[in-house]
């Protein structure tokens, strides 16, 4: 594999950038693999990468129905954070933050990791108290958290509505300084390139149509490009999880919902952080191109359509305008939607299944992107060792039977109730 | 925007409604011995189909009645709506 550096950039400039290697191969599927990952999104690519790198399982196929970078990994608002209160979430996502910090070097691919800080605004004393509690829990788990007062906030986000007439006055905020953003498609491409270089076959336009199971053990999968055998199969398909689970006669504790995001026309830099609105559900950051990247609530009803509806967008943006009044003058450039695998307690599942050799990774709700490295890292461990890692042992499927829910926000699929 | 036909008020804009989820889920009957699994299935587990889906909606900013909608989750086409006690 060609190493990317300033020298290779200069060298290739002399040939008008016509001689770069292809970034990953387009292999024909083999008859059998040591492991198959269904779903070539961020989590699937990261899983295959860590299977090869950490567990030396290189004979791996990633089966992707569409193309690399075309699903939720290219549809999110690119936010990274580990500002969770419960240990199960905090420790898991914090391990992810540590992976993010070195990802560009590790992948030799610039993922544009930008730890610009994520600010959760509080709009009442009570909210400030709950944020302080969460901040303290985070610090006990070794995660960075600071409380900001109104005066400090005026200095770092001067365009927020600090007026006396604000419907939701800003009381203060919880900030995770190491939170931030990364370029999402670079994450997909970077993982794909390295996984491919270690022997992983990335097979695009290959839809899984069924599973071969005998005696309670997985034997392989049926696809639109023929049957492929494997004793280990990992399901990593986010919004499509229920559709594949149905082929195994499994019902899962998730609903598919569409979540929209949008970007404005590019403007000069005016927002240096990721900011979330505390009196509703709205978050925004400014991309390097100058666009405001914004998102908020689900549309609110089961949906497999990768596009949303205007009432939700209007609702979300009205919250944005309440927070930053000057957003009202911006034109929207693009809006889009992605299908979220909304779990019933708002937390993911990374676990074995009742079928030997079949592993599950789903339920990412709004927050799949930030989990990309750590989800892949722990899922690879779960597949390679046939048992969960300590970091994901609480993300069990049977927690919905035993009652050990990880209800960080107390909302599941019906997030608008919370 | 969805236009939903409330069985009581007729066609109204989506803005007047809120969503109540899968209408095929049956609450275990009262007074009967119920296994943990039956409860878990009722509370958490869903078919979550791509395509035809029977669901509850609430005309919350209208007549405040709950009713059922049969809708395609991939195209958002609404096939039929009915009162809560009617089959859909």
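Exactly one residue out of A:52, A:61 is in a helix (DSSP H, G or I), at pLDDT 95 or above and buried (at least 17 other Cβ atoms within 10 Å of the Cβ), and it is A:52. Evaluating residue A:289 against the criteria (1) over 22 Å from residue A:364 (Cβ atoms); (2) in a strand (DSSP E or B); (3) without any contact (Cβ under 8 Å) to a residue 40 or more places away in the chain; (4) under 24 Å from the mean Cα position of the chain (by Cα) leaves one unmet condition, (2).
Let me confirm something: among A:165, A:137, which residue is more than 21 Å from the chain's Cα centre (by Cα) and in a loop (DSSP other than H, G, I, E, B)?
Being more than 21 Å from the chain's Cα centre (by Cα) and in a loop (DSSP other than H, G, I, E, B) holds for just one of A:165, A:137, which is A:165.
Which ranges mark the strands (runs of 3 or more DSSP E) fully within the stretch B:1-41 that have 3 or more residues being within 11 Å of chain A (Cβ to nearest Cβ) and in contact with a strand residue (DSSP E or B) (Cβ under 6 Å, 6 or more places away or on another chain)? Counting at least 3 such residues, we get B:18-22. The set of residues in the stretch B:42-51 being within 11 Å of chain A (Cβ to nearest Cβ) and either more than 15 Å from residue B:73 (Cβ to Cβ) or part of a strand (DSSP E or B) (or both) consists of B:43, B:44, B:45, B:46. Note on the stretch A:224-254: residues that are under 17 Å from the mean Cα position of the chain (by Cα) and farther than 16 Å from residue A:211 by Cα amount to 3. How many residues does the stretch A:101-127 contain that are farther than 23 Å from residue A:23 by Cβ and surrounded by 19 or more Cβ atoms within 10 Å (Cβ to Cβ)? Going through the stretch A:101-127 one residue at a time, the tally reaches 8.
Within the stretch A:257-272, at least one residue is farther than 30 Å from residue A:397 by Cβ, within 21 Å of the chain's Cα centre (by Cα), at pLDDT 95 or above and more than 14 Å from every other protein chain (Cβ to nearest Cβ). In a residue-by-residue description of the stretch B:13-32, the property of being at pLDDT 95 or above, exposed (fewer than 13 other Cβ atoms within 10 Å of the Cβ) and over 29 Å from residue A:405 (Cβ atoms) applies to no position.
Yes/no per residue for (1) surrounded by 19 or more Cβ atoms within 10 Å (Cβ to Cβ); (2) under 15 Å from the mean Cα position of the chain (by Cα); (3) at pLDDT below 95:
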residue: A:298; (1), (2), (3): yes, no, yes
residue: A:310; (1), (2), (3): no, no, yes
residue: A:330; (1), (2), (3): yes, no, no
residue: A:339; (1), (2), (3): yes, yes, no
residue: A:346; (1), (2), (3): yes, yes, yes
residue: A:349; (1), (2), (3): yes, yes, no
residue: A:352; (1), (2), (3): no, no, no
residue: A:361; (1), (2), (3): yes, yes, no
residue: A:365; (1), (2), (3): yes, yes, yes
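The residue of the stretch B:72-88 that is farthest from the other protein chains (Cβ to nearest Cβ), among those that are closer than 21 Å to residue A:308 by Cα and free of Cβ contacts under 8 Å to residues at least 60 places away in the same chain, is B:79.
Could you check the stretch A:200-219 and list, in sequence order, the residues that are in a strand (DSSP E or B) and either touching a helix residue (DSSP H, G or I) at 6+ places or on another chain (Cβ under 7 Å) or farther than 30 Å from residue A:1 by Cα (or both)? Show your work before the answer.
Keep residues of the stretch A:200-219 that are in a strand (DSSP E or B), which gives A:201-203, A:208-214, A:217-219.
The answer is A:202, A:208, A:209, A:210, A:211, A:212, A:213, A:214, A:217, A:218, A:219.
Considering A:360, A:317, A:333, A:391, which residue is in contact (Cβ under 8 Å) with a residue 12 or more places away in the chain, away from chain B (no Cβ under 13 Å) and touching a helix residue (DSSP H, G or I) at 6+ places or on another chain (Cβ under 6 Å)? Lay out the reasoning, then the answer.
On the way: A:360 fails: touching a helix residue (DSSP H, G or I) at 6+ places or on another chain (Cβ under 6 Å); A:317 fails: touching a helix residue (DSSP H, G or I) at 6+ places or on another chain (Cβ under 6 Å); A:333 fails: touching a helix residue (DSSP H, G or I) at 6+ places or on another chain (Cβ under 6 Å).
Just one listed residue meets the conditions, A:391.
Quick check, is residue A:98 on the phi < 0 side of the Ramachandran plot, part of a helix (DSSP H, G or I), surrounded by fewer than 21 Cβ atoms within 10 Å (Cβ to Cβ) and in contact with a helix residue (DSSP H, G or I) (Cβ under 9 Å, 6 or more places away or on another chain)? Here the answer is yes, as residue A:98 does meet what is asked.
The values are calculated or read from the model by the stated rules, or taken from the named source; none is laboratory data. Being a predicted model, the structure only gives us computed values, none of them experimental. Here Cβ is always computed from backbone atoms with ideal geometry, including for glycine, and neighbour counts include all displayed protein chains.
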